Amino acid sequence: HIADSFISRLNISKKPDQRVVEAINIFVGEPSKKHFKVKLRNARFVPTENKISFMCCFFEKMDTESREIVNCLDFILNFFDELRDDTDIFQSLMDKKRFYFQNLQKATEFEEKLKKSNMETLILQGVRTPYINKPDTMEKIAMIDTVSLAVFGRTEHPGQACRAMNLGDYQGAQDIDRMAKVLLYAVPNP
């Protein structure tokens, strides 16, 4: 009974789309091929033509030897699982980036308020505590940029649809506040 349960969770009968498997075979180095195929097999998203085409481009254009490829792939697979309308994957990625950016702005604003007042005062004023992991959010924004630049050749600043920005220049926890301020002050207030 336990063995049956374990085997059913392996998704052995689920086969990734052959075009994506071919892209992995062509563009991914030998040590990572099986790992990526297993990740695809275990992915929960419903494969559509746009998602399959995107995944093929992803493996073709991303640096499959980089350390960040696994995190980017995990992010995209989870993103696809959440994605309901895949007619414009680039725009959906930019919308997700904008969502993360807005949460980052709220966290930065909250931290500024917290420097001026104590938590009790903020609670009495109705200020909500943002539930955000800043390093994780910054990493997701950087992954969106990395993937968008590789697959689509472009990205957008979260507040300006026409301005491109590479967030990959920011590394580690020490850059999070610096990056948040750059992004926060680069966006004009509406």
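The values are calculated or read from the model by the stated rules, or taken from the named source; none is laboratory data. This is a predicted model, so every value here is computed, not measured. Note that we place each Cβ from the backbone using ideal geometry, even for glycine, and neighbour counts take in every protein chain shown.
Just a few scattered comments:
- Odd one out for LYS181 among (1) at pLDDT below 60; (2) touching a Ser or Thr at 6+ places or on another chain (Cβ under 7 Å): (2)
- The criterion of at least 2 residues that are closer than 24 Å to VAL21 by Cα is met, among helices (runs of 4 or more DSSP H) falling completely within the stretch 35-146, by 49-61, 69-82, 89-116.
- Applying the condition of being free of Cβ contacts under 8 Å to residues at least 24 places away in the same chain and buried (at least 17 other Cβ atoms within 10 Å of the Cβ) to the stretch 58-113 and asking which residue is nearest to ASN42 (Cα to Cα) yields PHE79.
- Every residue from the stretch 114-131 that is hydrophobic (A, V, I, L, M, F, W, C) and loosely packed, with under 15 Cβ neighbours inside 10 Å: LEU114, MET119, ILE123, LEU124
- Failed item in (1) modelled with pLDDT of 85 or more; (2) more than 24 Å from PHE54 (Cβ to Cβ), with THR155 passing the rest: (2)
- For the stretch 25-36, filtered to residues that are in contact with a helix residue (DSSP H, G or I) (Cβ under 8 Å, 6 or more places away or on another chain) and within 17 Å of LYS61 (Cα to Cα), the residue that is surrounded by the most Cβ atoms within 10 Å (Cβ to Cβ) is PHE36.
- Index of the failed condition, ILE123 passing every other in (1) more than 28 Å from MET55 (Cβ to Cβ); (2) in contact (Cβ under 8 Å) with a residue 60 or more places away in the chain: (2)
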